[in-house]
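Contents: one structure, followed by commentary.
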Amino acid sequence: MGTVFSFDVRGGGPAVREALGAAVASLHQADEVFSTYRPESQISRLARGELALADCDPEVRELRRRCEEAERRSGGWFSASYAGAGSFDPTGLVKGWAVERAARVLADAGADGVCLNGGGDVQLLGGDWKVGIADPLRPGQLAALVAAGAGTDLAVATSGPAERGCHIRDPRTGEPPATSLASFTVLCPRLTDADAWATAGYAMGDAARDWIEALPDAEAFAVTTTGALWYTTGFPRYAVGVRA
């Protein structure tokens, strides 16, 4: 997926060590099926018309359904249209889904706690963890630190141009969004959702605050292009610290 994945796994013994191999394999398999950079992937072949959706692996159809649901729940701000051409591109959701799936392989094998970080998007299952939210305007510094209490499932996903440049598009225009945000972070139990909501929320801009407030079990934290911060009403219950 063009990024780095790191595992922090606590407890569980031999079964969990064996499951680690399966979790890593599931990430490679997701890349092979869904990568838009691999010409032989099912997503690339689907975009070229060489493969019908009905002939793809069942998980491709599952991701199509999840993307359609994300588009509906975001009022169209999340989109899985490839390069604006109408082809299916689940890039804004598939990494979160793949990370969450791999983390659950380890939890199901008996791990007491799992922290799986996929390029800065994190799925926490069980355990007692703290996660830093990078400050997009101050490289190497944190804008906030959040904690998942013991036994709590929590996902943390951030979107914005700080790491990869401007790679998010306004789905209505195909152009970079006219947003006041430098980064937008979503906290919720499942990284599949957090990844999609962070992508949509960044494109949406300040209007994302009210949108996230209306979603169940989701909170948001934003850094604006001027360096100001805002967050949803439930965010402080996760916050260990927020920069001044």
Tally of residues being small (Gly, Ala, Ser), part of a loop (DSSP other than H, G, I, E, B) and under 10 Å from GLY127 (Cα atoms) across the stretch 147-161: 3
Quick check on GLY75: is it crowded, with 22+ Cβ neighbours inside 10 Å and closer than 18 Å to ALA196 by Cα? no
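Results for (1) at pLDDT 95 or above; (2) surrounded by 16 or more Cβ atoms within 10 Å (Cβ to Cβ); (3) assigned to a loop (DSSP other than H, G, I, E, B), shown as yes or no for each residue.
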| residue | (1), (2), (3) |
| --- | --- |
| GLU163 | no, no, yes |
| ILE168 | no, yes, yes |
| VAL186 | yes, yes, no |
| ALA196 | yes, yes, no |
| GLU213 | yes, no, no |
Subset of the stretch 45-63 [surrounded by fewer than 16 Cβ atoms within 10 Å (Cβ to Cβ) and of a type in the set (Lys, Arg)]: ARG48, ARG61
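The values are calculated or read from the model by the stated rules, or taken from the named source; none is laboratory data. Model, not experiment: these values are computed from the prediction. Neighbour counts run over all protein chains shown; Cβ positions are idealised from the backbone, glycine included.
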